[in-house]
Amino acid sequence: MFRLLDRRGKTLTVRDFSYTSGNQGAVLAAAGRVSDRVVISLKNTPHDYCPTFPDNPRIGDVGGHRQWVEFDSWGQFFGLGVFPCIVLDDMRNRFDHCL
């Protein structure tokens, strides 16, 4: 898939959605065996978006790959309920971590 996309000037991005560090490491290792031009897309937390989860430990640790970090700005699991939930402080801290 990578070679076909690359020939057409497209970018292959591998989006990590792992529940264990072992699974995450396997996905990133496989992408590394294909090409360092594969972009790695990581969630800002290890798997589901939740303000109580830690920062994703692989942010900044993807070898020579370019990386994208995804954020849930809609509050998928915590902001769509009856009570408003503003996560500006959480997002600011995680943006700082990513930088």
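For segment 11-23, enumerate the residues that are part of a loop (DSSP other than H, G, I, E, B) and surrounded by 11 or more Cβ atoms within 10 Å (Cβ to Cβ). Listed by number, the residues that qualify are THR11, LEU12, ASP16, PHE17, SER18. Report yes if some residue within segment 41-53 is touching a Pro at 6+ places or on another chain (Cβ under 7 Å) and surrounded by fewer than 17 Cβ atoms within 10 Å (Cβ to Cβ); otherwise report no. Yes, segment 41-53 has at least one match. Any idea which of (1) surrounded by 13 or more Cβ atoms within 10 Å (Cβ to Cβ); (2) modelled with pLDDT under 90; (3) among the polar types (S, T, N, Q); (4) over 12 Å from the mean Cα position of the chain (by Cα) is the one SER35 doesn't satisfy? Result: SER35 fails condition (2) only. Taking every residue in segment 1-24 that is β-branched (Val, Ile, Thr) and pairing it with any residue that is assigned to a helix (DSSP H, G or I), at least 6 positions away or on another chain, the pairs with Cβ-Cβ distances below 6 Å are VAL14/ALA31. When restricted to residues that are farther than 11 Å from ASP90 by Cα, in a loop (DSSP other than H, G, I, E, B) and not aliphatic (A, V, I, L, M), segment 50-67 contains 9. Restricting the search to segment 25-54, which residues are of a type in the set (A, V, I, L, M, F, W, C) and touching a residue at least 40 places away in the same chain (Cβ under 8 Å)? Residues satisfying the conditions do not exist here. Restricting attention to segment 61-82, the residues that are in contact with a Cys (Cβ under 8 Å, 6 or more places away or on another chain) and at pLDDT 70 or above add up to 1. Of all the numbered requirements in (1) of a type outside the set (Asp, Glu); (2) out of contact with any Lys or Arg (no Cβ under 9 Å at 6 or more places or on another chain); (3) modelled with pLDDT under 90, GLN24 misses one, and that requirement is (2).
The values are calculated or read from the model by the stated rules, or taken from the named source; none is laboratory data. This one's a predicted model, so the numbers in the text were calculated from it and none came from an experiment. Note that each Cβ is placed from the backbone with ideal geometry, even for glycine, and that neighbours are counted across all protein chains shown.
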